[in-house]
Amino acid sequence: MIYLKLFLTAVLWGGTFVAGRIAAQDMGPASGSFLRFAVASLLLIAMIWQAQGRLPIPARRQFIPLFLLGLSGVAAYNIFFFLGLKLIPASRASLIVASNPVFIALGAALLFKERLTAARGAGIALCLTGAVIVISRGDLPGLLGAGIGTGETFILGCIVSWVSYSLIGRGVLKEIPPLVAVAYACIIGTALLALPALCEGMLPALPVYSLSSWSAVLFLGLLGSAVAFTWYYEGIKALGPTRAAVFINFVPVSGVFLGWLILDEALNLSLLLGAALVITGAWLTNRTPAREGKPPARPTRGPHSNLTTS
């Protein structure tokens, strides 16, 4: 059962790119992000309350790290997420974000002195090559001449935000249970998004959002955030972080497939080649633990997941 839950988690996280693409056409980035995590926060609080009878209060020293988690992994990540998905296909965005494990591995090597094995180095090289192919749409000279597109730049902002979130989270999760940390990150991120959403004109726009946009937000908040994170942490508890992280590699596969199935997004050679390289590279990076230091208590998604991965 736990393997099925982890597989479905990857499918749900892949679906967040499709849902985000739908909502982004109707909602501003701050508004969509606020509504997504308002829904997720309420459900996470209810789940923790049911399990523990209360929402644990963090120690005073933990508030700044939790604030940084909410700022990076919820507020910043999701504004970039909605901005990017307004401009580029869900399948392309999911493949760019799938390179998250590579940059987290590099960040862990720089900050925590984790040694990069040959296999992890090969995984990083494959993943970066695939990401470049996806971003350039197979036209590397054109990328060098014209630069990265605006939509791709926003999605790269997702990666920067999620790497920050994941590396900060290493310390936080030594003292706070994962779901409690995620709940506080969601609550803080939602609070940070409230003013930008109001300035964006969210309140007068609420009655005119389409049914498809509301459905997308509910999917993002309920299934893509609260339910997926719960199942993922059940997987970590049952199998350990390294084995659970293997399922993250299904996220870009489901993102590309669902983008084709639901949004009728084209599957061209550069996308498929980039997908193969990104997925293989992410798999190599995830399956080979670092030789020094401990692996992150909370492996990355796809970005999504994501709170992400996604």
Worksheet item: Taking the range 155-180 as the search range and keeping residues that are crowded, with 23+ Cβ neighbours inside 10 Å and not β-branched (Val, Ile, Thr), which one is farthest from SER99 (Cα to Cα)?
Response: GLY169
Worksheet item: Do we find a residue being modelled with pLDDT of 90 or more, under 23 Å from ALA93 (Cα atoms) and not in a loop (DSSP other than H, G, I, E, B) anywhere in the range 242-255?
Response: no
Item to complete: Show the residue pairs that are 6+ apart or on different chains and have beta-carbon atoms under 6 Å apart, the first residue being within the range 201-220 and under 18 Å from PHE37 (Cα atoms), the second being surrounded by fewer than 20 Cβ atoms within 10 Å (Cβ to Cβ).
Response: TYR209/ASP26; SER213/ASP26
Worksheet item: How many residues are out of contact with any Ser or Thr (no Cβ under 9 Å at 6 or more places or on another chain), in a loop (DSSP other than H, G, I, E, B) and among the hydrophobic types (A, V, I, L, M, F, W, C) if we restrict to the range 52-87?
Response: 3
Fill in: Unique residue being touching a His at 6+ places or on another chain (Cβ under 9 Å) and either of a type in the set (Lys, Arg) or in a helix (DSSP H, G or I) (or both) when the list is TRP49, TRP13
TRP13
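Residue by residue, here is whether (1) at pLDDT 90 or above; (2) crowded, with 19+ Cβ neighbours inside 10 Å holds:
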position	(1), (2)
ALA46	yes, no
PHE81	yes, yes
ILE104	no, yes
GLY107	no, no
LEU140	no, no
Worksheet entry | Conditions (1) in a helix (DSSP H, G or I); (2) closer than 30 Å to ILE148 by Cβ; (3) within 19 Å of the chain's Cα centre (by Cα); (4) among the β-branched types (Val, Ile, Thr); number of the one not met by THR129 | (3)
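The values are calculated or read from the model by the stated rules, or taken from the named source; none is laboratory data. All values derive from a computational prediction rather than experimental measurement. Neighbour counts run over all protein chains shown; Cβ positions are idealised from the backbone, glycine included.
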